[in-house]
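J.: I am attaching a structure below and will ask some questions about it afterwards.
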Amino acid sequence: MPDQYDYDVLVIGAGPGGYVAAIHAAQLGLRTACAEGRETLGGTCLNVGCIPSKALLHASEIFEEAVGGHLAKFGIELQGATLNLDQMHAEKAKAVKELTGGVEFLFKKNKVDWLKGYASFVDAHTVTVGEQTVTAKDIVIATGSSVTPLPGVAIDQSVVVDSTGALALPKVPERLVVIGGGVIGLELGSVWRRLGAKVTVVEYLDAILPGFDGEVRRESAKLFRKQGMEMRLSTKVTGVTVQGGKASVQVEPAAGGEGETLQADAVLVAIGRSPNVDGLNLSAIGIELNARGQIDTDHSFRTKADGVWAIGDVIPGLMLAHKAEDEGIAVAENIAGQTGIVNEDVIPSVVYTMPEIAGVGITEEAARERGEVKVGKFPMMANSRAKTNRDTDGFVKVIADAKTDRVLGVWIVASLAGTMIAEACVAMEFGATSEDIAYTCHAHPTHAEALKEAAMAVTGKAIHV
Ligand code: FAD
Ligand code: NAI
């Protein structure tokens, strides 16, 4: 009997959510296609997000070490190190090309058809992709998100840029104003500060990094200030004007009051991201958006439309690549009749600045609202490896339920926080207590020992403080 549909599964969008869903669906024996409108696969993350930003963070960190005298204390004396920004951008582009090409290779290897073009629903089993009309039994929406515009501030990608423009500035701006003290503002602000810009971060709230643990937010702001970033907290931007290649940024206290004007050579608008739903013609399949413009799903990633699923940045939850990827795996398994689950309580967040800032689970504030907690903290200053490497900024904090000792959250500010948090994720996924971590042998000397010591500190028994 001929197949009723062209494909078993059609995934719309080839970001970390979509390409992983497509590959996994194919691995599970389903005939799979993935529609992507961009020229290359990999979505925001590989093309204009995680990958190019980490390439510039890495390169700018090496540059700062070379010119900032950091290496001199280790006896490495460099004279005349200079910046070749074009080369830095070229190396970043190479990493992006290799990784997006890698996804293309994986599509071929797993026999996933790449349908080139933007998809739009005709009905719940039919979409148009460019000139083509394609049918599938199940369709996964993985269209991701785009920069949220700031009303009254026009992005020209030259003087006033979003994250994509900030990843490609052709020269180091003398003064950079960053609107939004979130993850993008701090990561890309750090890049350009390290390369020589004077960076001012304007944040509407009274602390940077909303969603992170309060103590982490305060400590991070202190460290960024120490590094030379100016932090204008509780401040709102009321307008930006551009003249002769320079920007004037009008700011005033968030609570109202006298305004002032900041002069800048570049302005980065980074106030959040919004789901990509325009052009999908969702009304054809009866899907309405929630108040935040997202597509709601159930725990299995089913939308209200039969046979239509959604994952990644386009649905509620953290807007992170690894969350999208895990949802991609789960949705493919659910479509294949298996049970795909994502534990939304154990999704780590990492800010790739120096030091890195990472967390998983709930904040101390949220934990105290729920009930009695015990908190163990250990400063990186007392960690032997951090001391050896001379990177002692930060701390590790373990939050445990006072009665059961179960770990509710782990927060880390440390040079290797992004790597260290993985251990906390595994522990929490297995329902660990702080005692479980405290009695797990950790190699010495490693930064990871700070997590063990913070867990020991939950019962007041850390050794090295
Ligand atoms: P996306 O990656 O946005 O991919 C969606 C894809 O769908 C896009 O390629 C788009 O072209 C395509 N598409 C949209 N509509 C259609 C349509 N109708 N038809 C066909 N194709 C369509 N997250 C991290 O975890 N770690 C990081 O270090 C990190 N760094 C970031 C740095 C920056 C500067 C930015 C902007 C984001 C960063 N993120 C990071 C967030 C991360 O990029 C996103 O969470 C992730 O890409 C979401 O994946 P997704 O698959 O849901 O969507
Ligand atoms: P964000 O939500 O992290 O931060 C936006 C910040 O802008 C907030 O602090 C908010 O209070 C502030 N803000 C909002 N409106 C403002 C205004 N009018 N004036 C001043 N401040 C204002 O959003 P961001 O940084 O744009 O990042 C978007 C998403 O991309 C995030 O959700 C993040 O998860 C993801 N991302 C993840 C990275 C990582 O995992 N390392 C790196 C970069 C982005």
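The values are calculated or read from the model by the stated rules, or taken from the named source; none is laboratory data. Because the structure is a prediction, the values reported are computed rather than measured. Cβ sites come from the backbone with ideal geometry, for glycine too, and all protein chains shown count toward neighbours. Please note that ligands, DNA and RNA were not included when accessible areas were found on the heavy atoms of the full protein model with its side chains. Shrake-Rupley method; radii C 1.70, N 1.55, O 1.52, S 1.80 Å.
J.: Tell me the trypsin sites (Lys or Arg not before Pro) within the range 367-465 that lie in a loop according to DSSP and have at most 14 other beta-carbon atoms within 10 Å. Walk me through the intermediate numbers first.
T.: Numbers: sites: ARG368, ARG370, LYS374, LYS377, ARG385, LYS387, ARG390, LYS397, LYS403, ARG406, LYS452, LYS461; in loops: ARG390, LYS403, LYS461.
Qualifying residues, ordered by number: ARG390, LYS403, LYS461.
J.: Can you tell me which lysines have their Cα less than 30 Å from the Cα of LYS97? Leave out same-chain residues fewer than eight positions away.
T.: LYS54, LYS108, LYS109, LYS111, LYS116, LYS171, LYS323
J.: Over all directions, average the projected area of the Cα convex hull of the range 349-457 and note it in nm².
T.: 6.0
J.: Projected area of the chain, taken from the Cα convex hull and averaged over every viewing direction, in nm²?
T.: Result: a mean projected hull area of 25.1 nm².
J.: Can you give the helix-only mean residue ellipticity at 222 nm for the chain, where every DSSP H stretch with n ≥ 4 adds -39500 (n - 2.57) and the sum goes over all residues, rounded to the nearest 500 deg cm²/dmol?
T.: Only helices count here, giving -9500 deg cm²/dmol.
J.: Spelling out what I want: for every residue of the range 331-346, take phi, set θ = phi - 60°, compute 6.51 cos²θ - 1.76 cosθ + 1.60 (Karplus), and round to whole Hz; glycine and proline get x.
T.: Each residue's phi maps through the Karplus curve to give 5, 5, 5, 5, 5, 7, x, 8, 10, x, 10, 10, 7, 5, 7, 10 Hz.
J.: Then there's this: Tell me, what is the FRET efficiency for THR133 and SER234 to the nearest 0.05, using R0 = 56 angstrom and their Cβ-Cβ distance as r?
T.: 0.60
J.: When the Karplus curve 6.51 cos²θ - 1.76 cosθ + 1.60 is applied with θ = phi - 60°, which whole-Hz ³J(HN,Hα) does each residue of the range 62-68 get, with x for Gly and Pro?
T.: Once rounded to whole Hz, the list reads 5, 4, 5, 5, 6, 8, x.
J.: What GluC sites (Glu not before Pro) does the range 130-224 have in DSSP loop regions with at most 16 other beta carbons within 10 Å?
T.: Hits after loop and neighbour filter: GLU131, GLU174.
J.: Moving on. Given a Förster distance of 35 angstrom, what is the FRET efficiency for LEU71 paired with THR164, based on the Cβ-Cβ distance and rounded to 0.05?
T.: 0.60
J.: What is the Cα centroid distance between the range 271-346 and the range 176-197, reported in whole angstrom?
T.: What the calculation gives is 30 Å, centre to centre.
J.: Sticking with this structure for a sec: Tell me the label-point distance for the pair GLU365, ALA95, using the 7 Å Cα-to-Cβ offset, in nm and rounded to one decimal.
T.: Computed distance between label sites GLU365 and ALA95 equals 3.2 nm.
J.: So what is Rg over Rh here for the range 160-271, counting just Cα atoms and using Kirkwood for Rh?
T.: Result: Rg/Rh = 0.95.
J.: Follow-up question, since we're still on this one. Can you send over the carbon and sulfur percentage of the accessible area for the chain, probe radius 1.4 Å, protein chains only?
T.: The nonpolar share, carbon plus sulfur, comes to 53 percent.
J.: Residue by residue through the range 83-99, what is 3J(HN,Hα) from phi via Karplus (6.51 cos²θ - 1.76 cosθ + 1.60, θ = phi - 60°)? Round to whole Hz and write x for glycine and proline.
T.: Going residue by residue, I get 9, 10, 5, 4, 5, 4, 5, 5, 5, 4, 4, 5, 4, 4, 4, 4, 6 Hz, with x marking Gly and Pro.
J.: Restricting to DSSP loop positions (anything but H, G, I, E, B) with no more than 10 other Cβ atoms inside 10 Å of their own Cβ, which GluC sites (Glu not before Pro) remain in the range 370-465?
T.: GLU372
J.: In the chain, what % of DSSP beta bridges are antiparallel (nearest 5)?
T.: That works out to approximately 60 percent antiparallel.
J.: Another question, then. Given a 1.4 Å probe, how much area per residue of the range 349-457 is accessible, in Å²?
T.: Working: 4630 Å² over 109 residues.
Dividing the accessible area of the range 349-457 by its residue count gives 43 Å².
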